[in-house]
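Asks: To start, I am sharing the structure in question, which I have written as structure tokens.
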Number of protein chains: 2
Amino acid sequence: MTVSNYRQATASEESLKRIFTIPEDPNSTLSIIEQKLTEDLAGFLGDNIVAKELTLNEIETWFQDHKIPQSPSFVSQYTDEIMQNLVAHSVHTSAPTFIGHMTSSLPYFVLPLTKLMAGLNQNLVKIETSKAFTPLEKQVLGMMHHLVYQQEQDFYQDKMHSAEHSLGAFCSGGTIANITALWTARNILLEADGDFKGVALQGLMAGLRHYGYNDLAILTSERGHYSLGKAADLLGIGRENIIAIETDADNKVDVELMRQKAEELAKQNIRVMAIVGIAGTTETGNIDPLVELAALAKELNCHFHVDAAWGGATLLSTKYRHLLKGIELADSVTIDAHKQMYVPMGAGMVIFKSPTHSQAITHHAEYILRKGSKDLGRQTLEGSRPGMAILVHACLKIIGLSGYEILINNSIEKAKYFAKQIHEHPDFELITEPELCLLTYRYVPQEVQDRLTQAISENDQTKIEDINSLLDGLTQFIQKHQREQGKSFVSRTRIRPQQYQRRHTVVFRTVLANPLTTESILNDILQEQTEIAELDAQFYPQLMSLI
Amino acid sequence: MTVSNYRQATASEESLKRIFTIPEDPNSTLSIIEQKLTEDLAGFLGDNIVAKELTLNEIETWFQDHKIPQSPSFVSQYTDEIMQNLVAHSVHTSAPTFIGHMTSSLPYFVLPLTKLMAGLNQNLVKIETSKAFTPLEKQVLGMMHHLVYQQEQDFYQDKMHSAEHSLGAFCSGGTIANITALWTARNILLEADGDFKGVALQGLMAGLRHYGYNDLAILTSERGHYSLGKAADLLGIGRENIIAIETDADNKVDVELMRQKAEELAKQNIRVMAIVGIAGTTETGNIDPLVELAALAKELNCHFHVDAAWGGATLLSTKYRHLLKGIELADSVTIDAHKQMYVPMGAGMVIFKSPTHSQAITHHAEYILRKGSKDLGRQTLEGSRPGMAILVHACLKIIGLSGYEILINNSIEKAKYFAKQIHEHPDFELITEPELCLLTYRYVPQEVQDRLTQAISENDQTKIEDINSLLDGLTQFIQKHQREQGKSFVSRTRIRPQQYQRRHTVVFRTVLANPLTTESILNDILQEQTEIAELDAQFYPQLMSLI
């Protein structure tokens, strides 16, 4: 038998002990894979992820067993299996041609650091299982706080490592960050008062009764992320009480409409608990008028949260940080490091302006999280958590502000370049201009564009609807076919552009955060989409017949 | 300049492009570290984590900068820095002598697989960014469902990969799993009915009004994990409405007391929303009478959740799975793979008995999570998530049931061995017997034990209190000193043992899940604690003077 034999051939005490103690065999399949990952990640992914995709149903046939196998497997056998069934049919999210979601190539050093993190296997919930990782995480939160709020040195000296304070919370992602922010906002609004012990202790019903409100509401943009609805559901506020306010032509929330809505709510004795501004909407990348939203929040005496999960990294650019003006007025800010900060999946953060803010959700437990301790778990929604902060720390220090400046600026400028190409291309229509590095567009052959313009000028609603509806089908066809071809990927979404009377319109969506995406790749994508359009046997011919 | 020069010496487009494309230099500090991790993880950790610990204040001095540095750093320089400041002062959670928390050595293959996971950087929220990882995760959930509920083949064939069903949800840990379970329970209880559109849409206030309840409550054991309080806070139920019922001498919840409490609540028109049984309490490792709790939940027509975050892995042992009898009656079960399943931090799961259960929290978004899709994000509390499921999948397949059988049984039997040693040692007192591989004890010199026994027989409450209070101080001293010596680690907690009239009592707590912990290590720990006790200049002399 080969050397891999002793790696779990049979389940004996000895063989098990070996998998917990014996080093990786340098000639094993897994070692060879690891070597390739190290030497050439892009090459490894390019070679091993198949371009042409199978259907999900086909892939599912390999994942049918519902019983945990009785017998152990060789590591080498398992590795072969997942290389064929899993890795080959995963998604090449870091490909420079994969510009449909908020993923990117990663700096090479995050891979060995991830392995180090797993090997150390710290649990950040408490100091006893994380020690130096606790101050490291607090430093990262301090740096991110400074990035947003730019307080003086003294502030950070006093608060950053203090047991009584917290400048934010690390979490697995933006959803948990948004939930944490709204949780604190709710608990501060319905805090203990007289006989009432606070919503945290006595619940929402008692809180609303005590304060005499009929209900709570959260005001945000119609472009708000779906995690806000999830937060409202979870927190007992109800999804209907997330009030989505219409946006203007630039996909920025209409603050005047929001003010009117707040007045209506007040008449119904519904208390506005929070306003959520979006800094980089998921669908169009636009930034709400944060200064005006902050002013309205002040008028309403409510919490002001900014969801900058995606756009927050723009603060790292001196050239573009002005786009987020007003974010420093927010009570809390969500930023995902695994988006435009080039950290692997699983690194979200909520940052609190006030270092005492998170006391509204502080909790204790006997065996850990003792009062007065610096255990991070006292003020996080999650309990046990890995030391992901090391990856953010590494990127901040190794890339530095001057590195991020280049990365962020290049992304935005690449999006502007792409927008210009789309704009100038006779057969494409830019739907939303990039404010950051995200834009939406669609394929509309020149003749169809002309016909549509004519129909609009004639106010021929039937024709407009006919054309747009066929275009929706064509956009879907192109996006799906492009994805299946496996050469490149854009995502698609449905938005309500003002230029089409807020009609639900299907569009391509691209996110240009990968530093390896070149202008020529972008040009090729337009070319590829043009070619795919002509393959469509349904919408394309119908469209052409309408002209 | 050396070869590492091109790794981010200056922030230029070229240097940045290199960190996104250039392989790791095999002679770099980081490569050498990675090599050591691969060749001998235990050796690496043993060599690089310093035994004698610094105070947190000392460590904090290295993490003081609150500004993101302007200039980039060399990767090698950064690596040196964290080796000194972070790795050296992290916690050796996988040491066989670190038996204080739910951490362990890990099988070697999880490290390269973690690196592969980071390299692939899938986002499990949707198929477009995870593809084959989606069926893989569903298979893991299916296997865990079968482990708990053992349904027939047909059931899994129909439900495991179905878009309309879900057998559970992956998440970062047990806290999110418990929250998810209680979230679904609340939403099912206060579901849409007539005019009422359901708590998810209209909120808790409207839900309670519609159904005519004064409030909701959750019944659990006084040993329930603190995440349950967090869930009650978050969900708007209120921490006071988590009703902690006393446990019996075996630290199992008293079901009769719980029934009485439920009757009281009914009289106040407070609706019991859920009963939470604990399968492996965090502090003592005991398992609640699950069959009786299930029966009571049925009587009360409420959700029955079992928090088996820690103890759930016992189901992998045919010898001991009977200890969790009744878990198959639960509507939902929490299991953490990063505890006794030997997966690195960040792998929690909630399993739902009914495959339609999680529809109560289903949500949608335009650009992803379309209705009818199999996107996992439709039914998870978190949004973007890494592909941790691969690590659970690998452990299940490579270790297999027969491997886990040995691991789980050995842990329990090791705890029984340790309990016996403590019991037979003249100077130690076993406080809670191990039902699984967790036990609590304290150091009580023989003469003090005799004096305490005498005081109890004389019912001399003052003396009993004096002795116990000094023992609390001594236990704290020993635990702290032992931790600081850095040779071994047990945790401490405060429980209320029946043998001491439910007085709050400080105890050592040990978790014996590390397969590399030997009997001789356990004997050495008792010896070390005995020696430390005599170093104590305060409590030890006072105790001896009481005799």
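The values are calculated or read from the model by the stated rules, or taken from the named source; none is laboratory data. All values reported here derive from a predicted model rather than from experimental measurement. In this analysis, Cβ positions are derived from the backbone assuming ideal geometry, glycine residues included, and neighbour counts consider all displayed protein chains. Just the protein is used for accessible areas: all its heavy atoms, side chains included, with ligands, DNA and RNA removed. Shrake-Rupley method; radii C 1.70, N 1.55, O 1.52, S 1.80 Å.
Asks: Considering only DSSP beta bridges whose two residues both sit in region A:148-286, what percent are antiparallel, to the nearest 5?
Replies: 15 percent
Asks: List the residues, sorted by chain then number, that are 5 or more residues from A:V272 or on another chain and whose placed amide H is less than 5 Å from its amide H.
Replies: A:A217
Asks: Follow-up question, since we're still on this one. Chain A: which residue's Cβ hugs the A-to-B rotation axis most tightly, distance rounded to whole Å?
Replies: Per the Cβ-to-axis criterion, the result reads A:G236, 1.
Asks: Once the Cα gyration tensor of chain A is diagonalised, what are the square roots of 5 times its eigenvalues, in whole Å and ordered largest first, as equivalent ellipsoid semi-axes?
Replies: 39, 37, 22
Asks: If we hang a label 7 Å off Cα along the beta carbon direction at A:Q77, how far is it from the matching labels on the other copies, in nm, shortest first?
Replies: A:Q77 label point versus its equivalents elsewhere: 5.1 nm.
Asks: Let me ask something else about it. Please state the charge dipole magnitude for region A:302-411, taken about the Cα centre, from unit charges on C-beta atoms (+1 on K and R, -1 on D and E), reported in debye and rounded to the nearest 20.
Replies: Computed about the Cα centre, the dipole is about 220 debye.
Asks: When the accessible area of region A:406-495 is computed with all protein chains present and a 1.4 Å probe, what percentage of it is carbon and sulfur?
Replies: 46 percent
Asks: Let me ask another. When Rg is the radius of gyration of the Cα atoms in region B:221-276 and Rh is its Kirkwood radius, what does Rg/Rh come to?
Replies: Value, to two decimals: 0.97.
Asks: What percent of all Cα-Cα pairs in region B:296-439 falls in each 10 Å bin, counting up from 0?
Replies: Over region B:296-439, the share of Cα pairs per 10 Å bin runs 10, 29, 31, 20, 7, 2, 1 percent.
Asks: Sticking with this one: Give me the percent of DSSP beta bridges within the protein assembly as shown that run antiparallel, rounded to the nearest 5.
Replies: Here the share of antiparallel DSSP bridges comes out near 55 percent.
Asks: Kindly give the semi-axes, whole Å and largest first, of the ellipsoid equivalent to the protein assembly as shown, taking each as the square root of 5 times a Cα gyration tensor eigenvalue.
Replies: Working from the Cα gyration tensor, I get semi-axes of 47, 34, 29 Å.
Asks: Taking +1 at the Cβ of each Lys and Arg and -1 at the Cβ of each Asp and Glu, which of A:A88, A:A455, A:L430 sits farthest along the dipole of chain A towards its positive end, judged by Cα position relative to the Cα centre?
Replies: A:A88
Asks: Hey, could you get me the Stokes-Einstein D for region B:436-547, Kirkwood radius over alpha-carbon pairs, 20 °C and 1.002 mPa s, rounded to whole µm² s⁻¹?
Replies: Estimated diffusion coefficient is 145 µm²/s.
Asks: Residue by residue, what Karplus-based ³J(HN,Hα) values in Hz, rounded to whole numbers, does region A:319-327 have, using 6.51, -1.76 and 1.60 with θ = phi - 60° and x for Gly and Pro?
Replies: 5, 10, 4, 4, 4, 9, 3, x, 4
Asks: Mind grabbing the interface size between B and A? I mean buried accessible area, both sides, 1.4 Å probe, in Å² to the nearest hundred.
Replies: The buried area between B and A, both sides summed, comes to about 15500 Å².
Asks: How charged is the neighbourhood of A:Q538? Take every other residue with its Cβ under 13 Å from the Cβ of A:Q538, and add Lys/Arg as +1 and Asp/Glu as -1.
Replies: -2
Asks: Okay, next question. Using the Cα atoms of region B:118-176, I'd like the radius of gyration and the largest Cα-Cα distance, Dmax, both in angstrom.
Replies: Cα radius of gyration and Dmax of region B:118-176 are 12.5, 37 Å respectively.
Asks: If you split all Cα-Cα distances of region A:84-238 into 5 Å bins from zero, what percentages do you get per bin, shortest first?
Replies: 2, 7, 10, 12, 14, 16, 16, 11, 6, 4, 2, 1, 0
Asks: Taking accessible area as the heavy-atom solvent-accessible surface of the protein chains with a 1.4 Å probe, which residues of region B:20-36 lose no less than 50 Å² upon going from the isolated chain to the full protein assembly?
Replies: So the qualifying set is B:F20, B:E24, B:L30.
Asks: Mind checking which helices in chain A clear 30 Å along their axis (Cα) and have mean Kyte-Doolittle hydropathy of -0.5 or more, DSSP H runs only?
Replies: TM-like helix candidates: A:389-424.
Asks: OK, next. Given Cβ point charges of +1 (Lys, Arg) and -1 (Asp, Glu) and nothing else, what value in debye, to the nearest 20, does the dipole of chain A about its Cα centre take?
Replies: Here chain A has a charge dipole of around 1520 debye.
Asks: Here's another thing I want to ask about it. Rounded to a whole number, what is D in µm²/s for region B:176-251 from Stokes-Einstein with the Kirkwood radius over alpha-carbon pairs (37 °C, 0.692 mPa s)?
Replies: Answer, rounded: 248 µm²/s.
Asks: Please list log₁₀ I(q)/I(0) at q = 0.10, 0.18, 0.19, 0.20 Å⁻¹ for region A:241-372, using the Debye equation with identical point scatterers on the alpha-carbon positions.
Replies: -0.39, -1.04, -1.11, -1.18
Asks: How charged is the neighbourhood of A:L124? Take every other residue with its Cβ under 14 Å from the Cβ of A:L124, and add Lys/Arg as +1 and Asp/Glu as -1.
Replies: Net charge in that neighbourhood comes out at +2.
Asks: Are there residues in region B:222-259 whose accessible area shrinks by at least 20 Å² when all protein chains are included rather than the chain by itself, and which are they (probe 1.4 Å, ligands and nucleic acids not counted)?
Replies: Buried by the other chains: B:Y226, B:K230, B:D233, B:L234, B:G236, B:G238, B:R239, B:E240.
Asks: In chain B, what % of DSSP beta bridges are antiparallel (nearest 5)?
Replies: Within chain B, antiparallel bridges account for around 55 percent of the total.
Asks: Taking the Cβ of A:F489 as the center, what net charge do the other residues with Cβ under 12 Å away carry, scoring Lys and Arg +1 and Asp and Glu -1?
Replies: Summing Lys/Arg as +1 and Asp/Glu as -1 gives +2.
Asks: While we're looking at this one, here's another question. Determine Rg/Rh for region A:194-302; Rg is computed over alpha-carbon atoms and Rh is the Kirkwood hydrodynamic estimate from the same atoms.
Replies: On the Cα set of region A:194-302, Rg over Rh gives 1.00.
Asks: Please state, to two decimals, what the Cα-based radius of gyration of region B:462-511 comes to when divided by 2.2 N^0.38 Å (N = residues).
Replies: Dividing the Cα Rg of region B:462-511 by 2.2 N^0.38 Å gives 1.23.
Asks: Could you work out what % of the accessible surface of region B:264-327 is carbon and sulfur, using a 1.4 angstrom probe and leaving DNA, RNA and ligands out of the count?
Replies: 54 percent
Asks: Same structure, new question: Around A:V444, which amide H atoms from residues at least 5 apart in sequence, or from another chain, sit under 5 Å from its own amide H, with H modelled in the peptide plane?
Replies: The list, which skips near neighbours in sequence, is A:F428, A:E429.
Asks: Same structure, new question: Quick one: with all protein chains in place, what share of the accessible area of region B:1-129 is carbon or sulfur, to the nearest percent (1.4 Å probe)?
Replies: Reported share for carbon and sulfur atoms: 53 percent.
Asks: What ³J(HN,Hα) values, in whole Hz, does the Karplus curve 6.51 cos²θ - 1.76 cosθ + 1.60 give for region A:157-162 when θ = phi - 60°, with x put for Gly and Pro?
Replies: In residue order, the calculated couplings are 4, 6, 9, 4, 10, 6 Hz.
Asks: Follow-up question, since we're still on this one. Taking only protein heavy atoms and a 1.4 Å probe, what accessible area per residue, in Å², does the protein assembly as shown have with all protein chains in place?
Replies: 33 Å²
Asks: Still on this structure: Run through all the Cα pairs of region A:1-122 and give the fraction in each 10 Å bin from 0, expressed as whole percent.
Replies: For region A:1-122, the pair-distance distribution reads 10, 32, 36, 19, 2.
Asks: What's the magnitude of the charge dipole for the protein assembly as shown around its Cα centre, counting Lys and Arg as +1 and Asp and Glu as -1 at the beta-carbon? Answer in Debye, nearest 20.
Replies: The calculated dipole for the protein assembly as shown is roughly 560 debye.
Asks: What aspartates and glutamates could a cross-link reach from B:K414, if we take a straight Cα to Cα line under 17 Å and drop same-chain neighbours fewer than 8 places away?
Replies: List returned: A:E13, A:E14, B:E405, B:E424, B:E433, B:E435, B:E519, B:D524.
Asks: Further, regarding this structure: Two decimals, Cα atoms only, Kirkwood Rh: what is Rg/Rh over region B:35-98?
Replies: Ratio of gyration radius to Kirkwood radius: 1.03.
Asks: How long is the gain from B:D248 to B:H363 if the chain were fully straight, where each residue apart is worth 0.36 nm and the alpha carbon distance is subtracted?
Replies: Full extension from B:D248 to B:H363 adds 37.2 nm.
Asks: Filter A:K17/A:K126; A:K115/B:K131; A:K252/A:K397; B:K197/B:K353; A:K159/B:K67 down to the pairs with a C-alpha to C-alpha distance above 22 Å, please.
Replies: Over 22 Å Cα-Cα: A:K17/A:K126; A:K115/B:K131; A:K252/A:K397; B:K197/B:K353.
Asks: Moving to a separate point now. If one puts a single equal scatterer on every Cα of region A:379-423 and applies the Debye formula without solvent, what log₁₀ I(q)/I(0) results at q = 0.25, 0.26 Å⁻¹?
Replies: -0.85, -0.88
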